[in-house]
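J.: Before we start, here is the structure in question, set down as C-alpha cells.
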Amino acid sequence: INNRFYLTNRNDDKLTVIKAIKYGQIIAKEYNSRLVILTATRKSYALENGLGKAKINIINKRGKLDGITTSLETLKTFQYSKQNDIIVGLYLPPKEYDKIDSIVGDSPIIATEFSDGELNDWIKRWNAVDIENPEKENPTLQIDCVLKVALDTLTNRINLSSGLSHSSDNHLAKTYIRTLVKYHYIHNREDINSYLIKNCWKASDAKQFVNLLFKKLDGGRFQGGEKTGLKKIYGRWVEECKN
C-alpha cells in the first residue's frame with residue numbers, strides 16, 4: 001500500500017493547502033490517528049491563507065479540526081508520537097523530507113511542493129501518488145541488482161540505530177564502498193541516498209555513506225575498510241543476482 005502522496009501548487013496557494021489538509025483528514029479518520037500539519041517556521045503564510053486564523057486558533061485551543069485531533073508543528077518542534085501520525089508537509093524544503101522519512105517510517109505523508117519538480121527525488125523514493133492525478137506514472141528509483149544486494153547486505157549487517165558510528169560497522173561500510181568503486185558502475189547519488197532512507201537508515205547516516213562513496217569515486221581517500229578480498233565480496237553479490 002502506498003502511503004506517500006503529494007500535491008503541486010497550481011498557482012493557488014490556498015486551494016493546495018486546503019486539499020492537502022482535507023486529504024490528510026480522510027486518512028487520519030481511517031487510521032484513527034492524529035493529523036500533524038508541519039510547516040518550516042511558526043509563522044506560515046501558506047497555513048494562514050489556507051485555514052484562516054480562526055481555525056488555527058481552534059486547533060491551538062482544542063487540538064481538533066473538523067473532529068480530527070490535529071497538531072500544528074514546525075520542523076523544530078515536531079516530535080513523532082509513534083502512533084501512526086498522519087503528516088501534512090506544507091511547502092517544506094525538499095531535503096527536509098529525508099529527516100521526516102527517517103523519523104516516521106511507514107506513516108502516511110502528504111507533501112506539497114511549491115513548484116513542479118522540486119520533490120522529484122522524494123517522489124521517486126516512494127513512487128508517491130499525485131493526489132490530483134493518481135494514475136500518473138512517475139520515475140522510480142534506479143538501483144540495479146548488484147548494487148541492491150550490496151546495500152541490502154550492508155543494511156542487514158550493521159546496527160541501524162547507531163549507523164556508522166560503531167567501528168566495525170564503519171569498517172564494513174568502507175569495505176563495501178571500496179568494492180563498489182573498484183568493480184561496479186555507480187552513477188546516481190540521490191537514488192542511493194533515497195534507497196537507504198527507504199530501508200530505515202537515518203538521513204544523517206545515509207548522507208555519510210553516500211558522501212564517502214562519491215568521495216572515493218572522485219579519487220578521494222579515507223582510512224578504514226579492507227583493501228584485499230574485494231573481488232570475492234563482489235563475486236558473492238553477482239552470484240546472488242544470478243540466483
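J.: Please determine, in degrees from 0 to 90 and to the nearest 10, the orientation of helix 53-62 with respect to the longest principal axis defined by the Cα atoms of the chain, where the helix direction is its Cα long axis.
T.: Helix 53-62 sits roughly 80 degrees off the main axis of the chain.
J.: Moving on to the next point. Taking H placed 1.01 Å from N in the peptide plane, check which residues at least 5 places from Thr112 or on another chain put their amide H under 5 Å from its amide H.
T.: Leu7, Gly89, Tyr91, Leu92
J.: Once phi is turned into ³J(HN,Hα) by the Karplus curve 6.51 cos²θ - 1.76 cosθ + 1.60 with θ = phi - 60°, what whole-Hz value does each residue of the stretch 140-145 show in order, with x for glycine and proline?
T.: Here the 3J(HN,Hα) series is 10, 4, 10, 10, 5, 4 Hz.
J.: Tabulate in residue order the Karplus-calculated ³J(HN,Hα) for the stretch 100-116, using 6.51 cos²θ - 1.76 cosθ + 1.60 with θ = phi - 60°, rounded to whole Hz; enter x for Gly and Pro.
T.: Taking θ as phi minus 60°, the curve returns 5, 4, 5, 7, 8, x, 8, 5, x, 10, 10, 9, 10, 10, 6, 10, 4 Hz for the stretch 100-116.
J.: Then there is this: Aspartates and glutamates near Lys124 by alpha-carbon distance under 18 Å, same-chain residues fewer than 8 away left out - which ones?
T.: Cα-Cα hits under 18 Å: Glu96, Asp98, Asp101, Asp106, Glu113, Asp116, Glu132, Glu135, Glu137, Asp144, Glu190, Asp191.
J.: Moving on to the next point. Report the per residue volume, in Å³, of the convex hull enclosing the C-alpha atoms of the stretch 27-115.
T.: 98
J.: Rounded, prolate or oblate: which one fits the stretch 77-206, using the alpha carbon gyration tensor with axes a ≥ b ≥ c (rounded when a/c is under 1.5, else prolate when a/b beats b/c, else oblate)?
T.: It is oblate, given that a/c is not under 1.5 and a/b is not larger than b/c.
J.: List the trypsin sites (Lys or Arg not before Pro) in the stretch 1-75 that DSSP assigns to loop (not H, G, I, E or B) and whose Cβ has at most 13 other Cβ atoms within 10 Å. Which are they?
T.: Passing sites in the stretch 1-75 are Arg10, Arg42, Lys43.
J.: List the GluC sites (Glu not before Pro) within the stretch 124-199 that fall in a DSSP loop (any state other than H, G, I, E or B) and whose Cβ has at most 15 other Cβ atoms within 10 Å.
T.: Glu132, Glu135, Glu137
J.: Rg and Dmax of the chain, using alpha carbons, in Å: what are they?
T.: Calculated on Cα positions, Rg and Dmax stand at 20.5, 66 Å.
J.: With N residues in the stretch 174-234, what two-decimal value do you get for its Cα radius of gyration over 2.2 N^0.38 Å?
T.: Ratio of Cα Rg to 2.2 N^0.38 Å: 1.11.
J.: Follow-up. Write out the cysteines belonging to the chain for which the nearest other cysteine Cβ is not under 4.7 Å, or none if no such cysteine exists.
T.: Lone cysteines by the Cβ rule: Cys200.
J.: How compact is the stretch 115-171 by the rule of thumb for globular proteins, expressed as Cα Rg over 2.2 N^0.38 Å? Show your work: numbers first, answer last.
T.: Details: Rg = 16.2 Å, N = 57, 2.2 N^0.38 = 10.2 Å.
Taking the Cα Rg and dividing by 2.2 N^0.38 Å, one obtains 1.59.
J.: Dipole of the stretch 100-203, Cα-centred, from +1 at each Lys and Arg C-beta and -1 at each Asp and Glu C-beta, to the nearest 20 debye?
T.: 860
J.: Here is a further query. Relative to the first principal axis of the alpha-carbon coordinates of the chain, what is the inclination of helix 167-183, with its axis defined by its Cα atoms, in degrees from 0 to 90 and to the nearest 10?
T.: It is inclined by approximately 70 degrees.
J.: Give a residue-ordered list of calculated ³J(HN,Hα) values for the stretch 31-39 (Karplus: 6.51 cos²θ - 1.76 cosθ + 1.60, θ = phi - 60°; whole Hz; x for Gly, Pro).
T.: Listing the rounded values in order: 8, 6, 10, 6, 9, 10, 9, 10, 10 Hz.
J.: Turning to a different aspect of this structure: Rounded to whole Å, give me the distance from the Cα center of the stretch 52-128 to that of the stretch 153-185.
T.: With the stretch 52-128 and the stretch 153-185 each reduced to a Cα centre, they are spaced 31 Å.
J.: Something else now. Report, largest value first, the span of the C-alpha coordinates of the stretch 134-236 along each principal axis, in whole Å.
T.: 48, 29, 26 Å, listed from the longest principal axis down.
J.: If you don't mind, another one. List every residue whose amide H lies under 5 Å from the amide H of Trp201, counting only residues 5 or more places away in sequence or on a different chain, with H placed 1.01 Å from N in the peptide plane.
T.: So Trp201 has HN proximity to no qualifying residue.
Read-outs throughout are calculated quantities, based only on the coordinates presented, and are distinct from any laboratory measurement. Quick caveat, the model's predicted, so the values are computed rather than measured. Cβ atoms come from the backbone with ideal geometry, glycine included; neighbour counts cover every protein chain shown.
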